[in-house]
Amino acid sequence: MSFTATVAWAVAALLLVVGVTGLSRRVGWSAPLLLVLAGVGIAFIPGVPTVQLNPEVVLVGVLPAVLFAAALQTSFLEVRARGDSILTLSVGLVVFSALVVGIVTWLLVPEMTFAAGIAFGAILAPTDAVSVGAIAGSGKLPRRLAALLEGEGLLNDATALVTLNSAIAAIGAVVTIGDIARDFTLAVVGGLASGVAVAVGLTWIRRRLKAPVLDTALSLAAPYIAYLPAILVHGSGFLAVVVTGVWLGYRAPVFQSAESRIAERINWRTLSFLLENAVFLLIGLQLPEIVRSASKSNIGLLPGALLIAAIYLTMVLARYLWVLAATVLYRFGPERLRERRWGWRTAFAISFAGVRGVVTLAAVFLLPDDTPQVGFLKLAAFVIVVLSLLQGLWLSSLVRWMRLPLPNPDQDRMQIRILVGEAQQAALERLEHEAAEDDPEEVVQSLRQTAQYRMGIGTTDEEGVAAQPDVYARLRLAMLDAERHAVLEARQEGRYEESAINAVLADYDTIEAAMKRSYRRDLPSRRPPQLLRVRRRS
């Protein structure tokens, strides 16, 4: 195929991704599911080129960027507060599912070895961060449930791939429990160390970058800067990417300018949208090749369908058993756990939300060619992913049926109003400290009235702004600094929902960026509040 033809097919795929995703939002269906089905339909059209999905391209080229984009939007405080619950799902549940599904696969599938069965169990174990994030971010799930599912989806890939690598090694050699424990410990320690080191280093560098385009360019390289060193020390690259992304997202209001944060949000939303959805389309295009590979198996159509159904039911039941056991522990265990317990209805919703996706379909292609029944395993993985995506369509309906508390928009708006009021009070105090004696009174009064208007206790009067725009911009930016600092303190104290915090911070970024565009171009970049020089009015 010529380069021009390749570009033409890539553009066609991009347009298809946009069209199918837009359609999914109108009809309320899962975009990943529709894209997979679209890929399946297109793959059988004569003249469509055969697409070979290289698992390394997905696992090394695409997944770090997708995980980083999701991690930037993940609440560091939520992860810290629910760390034990998230680890229960992302580590304990993955290992349990890999063992249970692996043993059932070993017992049921002809010619299957124990190591190959465990490898297939590890492939099916992780939930999909993209699909879960799409459901959790729709506002149709309780916030606690959404936080648990998003945290699980971010971290369980590392556990599953470490288990998979150990099982693949055991297919051709003898692997002991000690070897597995050593590899897992090295993956965790190496991933954490690499993630923390890269996060600290990038924070230091990006704090000193003034141009948003340079900061955004470094942000686009960040997931790979975190991933590659972790791999070199045999750590988990995915864990390093998640740690780096969560920390940079949490610290962004401190070290980035407003323009950089706005540019980063837009760029990463666009990039993750294209990567996530393009991968699902490519997965659908793989079906002809998967079917050809499965046709070489000696397992018939009906026995194969029954085997896939048995493996899928085992995977679902394993999740239910683990989550219910964890619920019992949290409800009746030590007091430290009882303080963070969840209800039975939440446990049922967590169990139901086992959606598989990109990692499963990329990882199954990592199986060696001499793996017993490898063609059947690839087809089984594809069918199970589609079945889980269909199951995920009903999660929102299940939540409504069980009457779990959904996010309340009125409560969110009330929190935003109260938080803005607190921030404006801090801004007024900063204004009294920053305004110099020779600053025009009409400018100071205009700023004071603007803050009071945002607090809901006065009206705004912008007269005098035009007369002294530079003074107005300097003082307004100082007030914005105080407002942002007050919001960050409120976030640190955990007094507001993360959605309210993010909405207010995004509003401040927009105001600051507009201020810097409208007034003097040489205005100083915003610095952390504690670094600003304070001047008191006499």
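The values are calculated or read from the model by the stated rules, or taken from the named source; none is laboratory data. For clarity, every value in this text was computed on a predicted model and none was experimentally measured. Methodologically, a virtual Cβ is constructed for each residue, glycine included, from the backbone with ideal geometry; neighbour enumeration extends over all protein chains shown. Accessible surface is based on the protein model in full, side chains and every heavy atom, while ligands, DNA and RNA are left aside. Shrake-Rupley method; radii C 1.70, N 1.55, O 1.52, S 1.80 Å.
What the table shows:
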| read-out | value |
| --- | --- |
| Whichever residue in the range 347-369 is in contact (Cβ under 8 Å) with a residue 60 or more places away in the chain and open to solvent by 20 Å² or more (accessible area, probe 1.4 Å) and, among such residues, is farthest from Ile86 (Cα to Cα) | Pro368 |
| Out of Thr203, Thr216, Thr176, sole residue that is hydroxyl-bearing (Ser, Thr, Tyr), touching a helix residue (DSSP H, G or I) at 6+ places or on another chain (Cβ under 8 Å) and modelled with pLDDT under 90 | Thr216 |
| Flag for Ser397 being under 24 Å from the mean Cα position of the chain (by Cα), in a helix (DSSP H, G or I), of a type outside the set (Phe, Trp, Tyr) and over 26 Å from Ala294 (Cβ atoms) | yes |
| Residues of the range 417-429 satisfying the condition of being in contact (Cβ under 8 Å) with a residue 60 or more places away in the chain and over 31 Å from the mean Cα position of the chain (by Cα) | Gln425, Ala426 |
| In the range 219-238, the residues that are in a helix (DSSP H, G or I) and either open to solvent by less than 30 Å² (accessible area, probe 1.4 Å) or in contact with a Lys or Arg (Cβ under 6 Å, 6 or more places away or on another chain) (or both) | Ser219, Ala222, Pro223, Ala226, Tyr227, Ala230, Gly237, Phe238 |
| Val241 vs. criteria among the β-branched types (Val, Ile, Thr), closer than 18 Å to Val359 by Cβ and surrounded by 16 or more Cβ atoms within 10 Å (Cβ to Cβ) | yes |
| Subset tally (residues that are surrounded by fewer than 20 Cβ atoms within 10 Å (Cβ to Cβ) and in contact with a helix residue (DSSP H, G or I) (Cβ under 8 Å, 6 or more places away or on another chain)) for the range 480-489 | 1 |
| Single unsatisfied condition, Thr113 versus (1) at pLDDT 85 or above; (2) in contact with an Asp or Glu (Cβ under 7 Å, 6 or more places away or on another chain); (3) open to solvent by 10 Å² or more (accessible area, probe 1.4 Å) | (2) |
| Among residues of the range 52-66, those that are open to solvent by less than 40 Å² (accessible area, probe 1.4 Å) and either in contact with a Ser or Thr (Cβ under 9 Å, 6 or more places away or on another chain) or not in a helix (DSSP H, G or I) (or both), counted | 3 |
| In the range 490-503, residue nearest to Glu78 (Cα to Cα) [restricted to those that are assigned to a helix (DSSP H, G or I) and either open to solvent by 60 Å² or more (accessible area, probe 1.4 Å) or touching a Leu at 6+ places or on another chain (Cβ under 8 Å) (or both)] | Glu498 |
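Each row is one residue, and each column tells you yes or no for (1) over 30 Å from Ala221 (Cβ atoms); (2) open to solvent by 20 Å² or more (accessible area, probe 1.4 Å); (3) touching a helix residue (DSSP H, G or I) at 6+ places or on another chain (Cβ under 8 Å).
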| position | (1), (2), (3) |
| --- | --- |
| Arg251 | no, yes, yes |
| Phe255 | no, no, yes |
| Ala263 | no, yes, yes |
| Asn277 | no, no, yes |
| Glu289 | yes, yes, no |
| Ser293 | yes, yes, yes |
| Asn298 | yes, yes, no |
| Leu301 | yes, yes, no |
| Leu306 | yes, yes, no |
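Yes/no per residue for (1) hydroxyl-bearing (Ser, Thr, Tyr); (2) under 19 Å from Leu67 (Cβ atoms):
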| site | (1), (2) |
| --- | --- |
| Lys210 | no, no |
| Ile225 | no, yes |
| Gly237 | no, yes |
| Val241 | no, yes |
| Val254 | no, no |
| Ser260 | yes, no |
